[in-house]
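Okay, so here's the structure we're looking at.
The values are calculated or read from the model by the stated rules, or taken from the named source; none is laboratory data. Here the structure is a predicted model, which means the values were calculated and not measured. Ideal geometry is used to build each Cβ from the backbone, glycine not excepted, and the neighbour counts take in all protein chains shown. SASA here: full protein model, heavy atoms, side chains in, ligands and nucleic acids out. Shrake-Rupley method; radii C 1.70, N 1.55, O 1.52, S 1.80 Å.
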Amino acid sequence: MNIFEYAKSKYDVLGIDVEAAIRTLSSKEISIHCWQGDDVVGFEQGGQEASGGIQATGNYPGRARTPEELMADFEVAIKHIPGKKRINLHASYAVHGDIFADRDELEYKHFAPWVEFAKKNDLGIDFNPTFFSHPMVKDGLTLSSPDNGVRAFWIRHARCCRKISAQIAKELGKDVLHNIWIPDGFKDIPGDKLGPRRRLKESLDIILADKYDGVIDSLESKVFGIGVESYTVGSNEFYLGYAASRKGVYNLLDNGHYHPTESVADKISSLLLYFDKIPLHVTRPVRWDSDHVVTLNDDVLDMAKEIVRCDALDKVLIGLDFFDASINRIAAWIIGTRNMQKALLQALLLPNKTFKELQDSSRFTELLMLNEAVKTLPFGVIWEEYCRRSGVSCDTGWYSNIAEYERNVLSKRG
Ligand code: RNT
Ligand code: ZN
């Protein structure tokens, strides 16, 4: 018996179908964020580092500076990632020709090269309007600003982005998730919390009034950001209420955006009773929303378990959101994405039906015993087999290729 057959037999005993788990995993798309490749800078004139409470720290050599470089790096990364993939774009990654278009003038043509790229690499696309790193962010505010001109600018921006998303969806024949995150908030004690939220609600009503086929709309809440420690306009309650009261608008959960002991995994089953989709940003907050590379930690495993146990793989749209500028950026993509997939595979390889039965028949001692017993199943063997069948190397096998690319390409960038 080879080692894979042996590992499989261990799962068989518990009634777990390894082949079915592998099949399910290989069909689940993971949306990989383009912004890990360039520290969230984008391609605008004088491309600035991210503002609005998000920060990529580190200065590892080889940041992608142009669409060509970012696309080339992304292509290298996805060669080492099994399964189905999407690319998550931000409006600040528009490909400008000779004429620069500001955020409120963006058109489909600025993203046509990305669509070509996606077609060539068999990727879906997701899209985000960019409400940060721009002079029209006034006093930290965008859609909730008291200044009519500021609000109008950002409303125009989001409206072009939804239109672009619809066109991308049409070109690819695949839905596009259009996710709105704004940095709006205050560093210190606000004098009025209601006004900004009322203005944000009104802005969203205008932005979302146009109906587009193929566009899934989501809103991403946050608890605080650097420089906006005291108040965030787009809080969880704000967006949850907004999404629940509108048809086809969803609440995106980023697991770096809650109080440190709040579990995003625990939110999934509740939201599923009210929404037919849950978009996610999977990240790794270390003490704050630091967006470290996703590791195979309990947070991520718990989210994966909930997605699988709630039979919600087709309802939960998994996107990643981390940006580490202190390590090889391509390796960061590979490590983070593969960890998300590993978490899903582990969740698929659990005796989930038995767990439910034990709970419903109040056999809690056995439930605890089994929960612990499954932790030492030979998961690594199944993961390796999955990588082998997908034509990608095992966990340590891809690194030499990235090191070589670093030597030959990345280290030559200025
Ligand atoms: C910020 C949000 C948001 C961004 C990206 C770049 O805290 O998580 O999703 O990280 O849009
Ligand atoms: Zn996010």
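Within the chain, the longest run free of exposed loop sites, counting chymotrypsin sites (Phe, Trp or Tyr not before Pro) that sit outside DSSP helix and strand states (H, G, I, E, B) and have at most 14 other Cβ atoms within 10 Å, spans 101-273. Amide H to amide H distances under 5 Å link ILE180 with SER218, LEU219, GLU220, where only residues 5 or more positions off or on other chains count and H is placed in the peptide plane.
With the convex hull drawn over the C-alpha atoms of the chain, the volume per residue is 145 Å³. Once C-alpha pairs closer than 8 Å and six or more residues apart are averaged by separation and normalised to the residue number of segment 248-345, the relative contact order reads 31 percent.
Between the amide H of ASP254 and those of SER221, HIS281, distances stay under 5 Å, these residues lying 5 or more places away or on another chain, with hydrogens modeled in the peptide plane. Considering only the chain, what is the antiparallel percent among its DSSP beta bridges, to the nearest 5? The antiparallel fraction comes to roughly 20 percent.
Subtracting the Cα-Cα distance of LYS79 and ASP139 from their residue separation scaled by 0.36 nm leaves 17.4 nm. One way to sum up the overall shape of segment 149-222 is the equivalent ellipsoid from its Cα gyration tensor, whose semi-axes run 28, 12, 10 Å, largest first. In this label model, ASP360 and PHE100 are separated by 6.2 nm, measuring between points 7 Å along each Cα→Cβ vector. Adding -39500 (n - 2.57) for every DSSP H run of four residues or longer, then dividing by how many residues the chain holds, sets the calculated 222 nm ellipticity at -13000 deg cm²/dmol.
Would you please state which residues of segment 268-308 a label at THR24 would reach in this model, taking the label point 7 Å out along Cα→Cβ and a backbone N cut-off of under 13 Å? Residues 304-308 fall inside that zone. Here each label is just a point 7 Å from Cα along the line to Cβ, and for ASN148 and GLU372 those points are 6.7 nm apart. Diagonalising the gyration tensor over the Cα atoms of segment 1-117 and scaling each eigenvalue by 5 before taking the square root yields semi-axes of 40, 16, 13 Å, largest first. Across segment 124-140, computed HN-Hα scalar couplings (Karplus, 6.51 cos²θ - 1.76 cosθ + 1.60, θ = phi - 60°) run x, 10, 10, 9, 9, x, 10, 9, 9, 6, 7, x, 7, 7, 9, 6, x Hz from first to last residue, x flagging Gly and Pro.
Using only alpha carbons, build the gyration tensor for segment 207-324 and give me the equivalent ellipsoid semi-axes, biggest first, whole Å.
Listed largest to smallest, the semi-axes of segment 207-324 are 22, 19, 13 Å.
Per atom type, the chain shows carbon and sulfur on 51% of its accessible surface, probed at 1.4 Å.
Helix 194-207 axis versus longest C-alpha principal axis of the chain: approximately 80°, rounded to the nearest ten. According to the Kirkwood relation over distinct C-alpha pairs, the hydrodynamic radius of segment 279-414 is 17.0 Å. Highest mobility in the GNM of the chain, judged by mean-square fluctuation with C-alpha springs under 10 Å and restricted to SER393, SER235, SER361, is found for SER361.
For segment 354-370, putting each phi into the Karplus relation 6.51 cos²θ - 1.76 cosθ + 1.60 with θ = phi - 60° gives couplings of 5, 4, 5, 4, 4, 5, 5, 9, 6, 8, 6, 5, 5, 4, 5, 4, 5 Hz, in residue order, rounded to whole numbers and with x for Gly and Pro. Under the simplified labelling scheme, the ARG388-LYS109 pair shows an inter-label distance of 5.2 nm, with each label point 7 Å from Cα along Cα→Cβ.
Loop-located trypsin sites (Lys or Arg not before Pro) across segment 1-106 with a Cβ neighbour count of 16 or fewer within 10 Å are ARG65, LYS79, LYS84, with loop assigned by DSSP.
Relative contact order, whole percent, for the chain stands at 20, derived from Cα pairs under 8 Å and 6 or more residues apart.
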